[in-house]
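As structure tokens, the structure follows; a few thoughts come after it.
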Amino acid sequence: MRFDVITLFPELFAPFLSSGINRRAFESGAVELKLWQLRDFAEGTYRRVDDRPFGGGPGMVMMAEPLEKCLLAIRQDRIAQNPTESTVPVVLFSPIGTTLTHADVASWSRSDGAILICGRYEGLDQRFIDAHVDVQISLGDFVLSGGEIARRGRLRDRGHGLSTALRGQLAAAQRGRPALPECGVGAGLGAAPG
């Protein structure tokens, strides 16, 4: 199983790859991870990957061109490594995606992997999403500062799904007590069991 991660901050993955059960999954070869620095596919002196949104508005949008170049390089690299591999999905973690469930994680743990995109700024150019993204997944009703946090959570679940330390079973979701609906814990995430 191989995961390719498109990111502006590959260094954020170092602690995740070098400790605990995740380290064992990567060292054993059960899960392969390739980090792709998006700026390597950008042009110009500053290797710019963002631009103002068309029509104005706040913030910046990740440009389609470097994303497409990086995606093409990943697909070529995957074919060179394994010419018989089927095409894997391109996954974007997004607050508008379908919520990731335990069943989804179990299903993904039996797959060939995926290409995971770490979004930043106000998001990705919609033209890239429409042309290349197969699945948009949300971790829940909250916003993170960047896609790297969501990707690490997703990869951690995959590592758990393959780990012999967990006897091949994924751990069930756990909730603390008490449920605190006034701070949003109960809203959308489910209250702690009675």
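The values are calculated or read from the model by the stated rules, or taken from the named source; none is laboratory data. Bear in mind the structure is a predicted one, so any value in this text is a computation, not a measurement. A quick note on method: Cβ atoms are made from the backbone with ideal geometry, for glycine too, and the neighbour counts reach across all protein chains shown.
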**Report entry** Residues that are surrounded by fewer than 16 Cβ atoms within 10 Å (Cβ to Cβ), touching a helix residue (DSSP H, G or I) at 6+ places or on another chain (Cβ under 7 Å) and of a type outside the set (D, E, K, R), drawn from the stretch 83-116
**Finding:** Ala106
Query raised in the report: Counting only residues that are in contact with an Asp or Glu (Cβ under 7 Å, 6 or more places away or on another chain) and surrounded by 20 or more Cβ atoms within 10 Å (Cβ to Cβ), which one in the stretch 117-148 is modelled with the highest pLDDT?
Result: Phe128
Query raised in the report: Given the conditions (1) modelled with pLDDT under 85; (2) of a type in the set (Val, Ile, Thr); (3) in contact with a Phe, Trp or Tyr (Cβ under 9 Å, 6 or more places away or on another chain), and given that Val61 satisfies all but one, which numbered condition is not satisfied?
Result: (1)
Query raised in the report: In the stretch 23-70, which residue that is part of a helix (DSSP H, G or I) and of a type outside the set (D, E, K, R) is nearest to Leu8 (Cα to Cα)?
Result: Leu38
**Report entry** Subset of the stretch 41-82 [among the hydrophobic types (A, V, I, L, M, F, W, C), in contact (Cβ under 8 Å) with a residue 24 or more places away in the chain and either over 20 Å from Arg2 (Cα atoms) or loosely packed, with under 12 Cβ neighbours inside 10 Å (or both)]
**Finding:** Phe41, Ala42, Val49, Met60, Val61, Met62, Met63, Ala64
Query raised in the report: Has the stretch 21-29 got at least one residue that is at pLDDT 90 or above and more than 21 Å from the chain's Cα centre (by Cα)?
Result: no
Query raised in the report: Only one residue in Ser94, Ser86, Ser107 is hydroxyl-bearing (Ser, Thr, Tyr) and part of a helix (DSSP H, G or I). Which one?
Result: Ser107
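Yes/no matrix, rows are residues, columns are (1) out of contact with any Gly (no Cβ under 7 Å at 6 or more places or on another chain); (2) under 21 Å from Val135 (Cα atoms):
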residue	(1), (2)
Gly55	yes, no
Pro66	yes, yes
Leu71	yes, yes
Arg75	yes, yes
Arg78	yes, yes
Pro83	yes, no
Ser86	yes, yes
Leu92	no, yes
